[in-house]
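The values are calculated or read from the model by the stated rules, or taken from the named source; none is laboratory data. Remember, predicted model here, so these are calculated numbers, not experimental data. When we count neighbours, we look across all protein chains shown, and the Cβ atoms used for this are built from the backbone with ideal geometry, even at glycine.
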Amino acid sequence: MILRSLVLALTILTAVVLQTALFPVLTLAGFRPDLLLLVVLAVALEDGPAAGVRVGGVAGLLHDLLLSQAPLGLGMLVLSAVGYGAGVTRPYLAPGSITAPLLLAFLTGALATGGYGVLAGLLGDDRTTVTLVIQGALSVALYNTLLAPIVLGAVRRLSDRFPLPGSATGD
């Protein structure tokens, strides 16, 4: 369990470093992909809603502390909700489906970015406009869909290598 937690922590830290160092150069309509969101989605799809909420909370807190100028806790709320929502959908997905995770990457990218923008606006962030939120949600959703196979595959391999204790592959 400790080794798995360390691997997940390193995965989240790697996502933060890539998001801060590499992705500002790779923008689409002025927006960059949300790699932390993809990591949360991947963990939730592999391990369920409880793991999705935990990883979403940690990733969201790091997002709030390092990447965001919005109120503290907003990213934590949004990524935890995404982790829970994606984890809940896991039993309804076909095990070998290729399109379902890609569709979820698009939907979570759009909903999380849109929700983050709306909540930031409601909390008094005067930089958010309806046009900006819609444009950002669609850009991040498209970018996350393109990066989803890489991130989902990497997290799946890590999850297979370091399974949850008590899971079918961890006994």
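Quick look at the values:
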quantity: Residues of segment 77-106 satisfying the condition of being more than 13 Å from Ala120 (Cβ to Cβ), part of a helix (DSSP H, G or I) and aliphatic (A, V, I, L, M); calculated: Leu79, Ala81, Val82, Ala86, Val88, Ala100, Leu102, Leu103, Leu104, Ala105
quantity: Filter result for Val43 (buried (at least 19 other Cβ atoms within 10 Å of the Cβ) and not charged (D, E, K, R)); calculated: yes
quantity: Cβ-Cβ under 8 Å pairs, at least 6 apart or on other chains, segment 146-163 side within 19 Å of Thr99 (Cβ to Cβ), far side charged (D, E, K, R) and surrounded by 15 or more Cβ atoms within 10 Å (Cβ to Cβ); calculated: Val155/Glu46; Arg156/Glu46
quantity: Set Thr27, Thr20: member being in contact with a helix residue (DSSP H, G or I) (Cβ under 8 Å, 6 or more places away or on another chain) and surrounded by fewer than 14 Cβ atoms within 10 Å (Cβ to Cβ); calculated: Thr20
quantity: Selection within segment 107-132 - of a type in the set (Ser, Thr, Tyr) and in a helix (DSSP H, G or I); calculated: Thr108, Thr113, Tyr116, Thr131
quantity: Selected residue [assigned to a helix (DSSP H, G or I), over 13 Å from the mean Cα position of the chain (by Cα) and either on the phi < 0 side of the Ramachandran plot or of a type in the set (D, E, K, R) (or both)] from Leu6, Leu26, Leu62; calculated: Leu6
quantity: Every pair of residues 6+ apart whose Cβ atoms lie under 6 Å, when the first sits in segment 113-124 and is buried (at least 17 other Cβ atoms within 10 Å of the Cβ) while the second is of a type in the set (A, V, I, L, M, F, W, C) and at pLDDT below 90; calculated: Ala120/Ala70
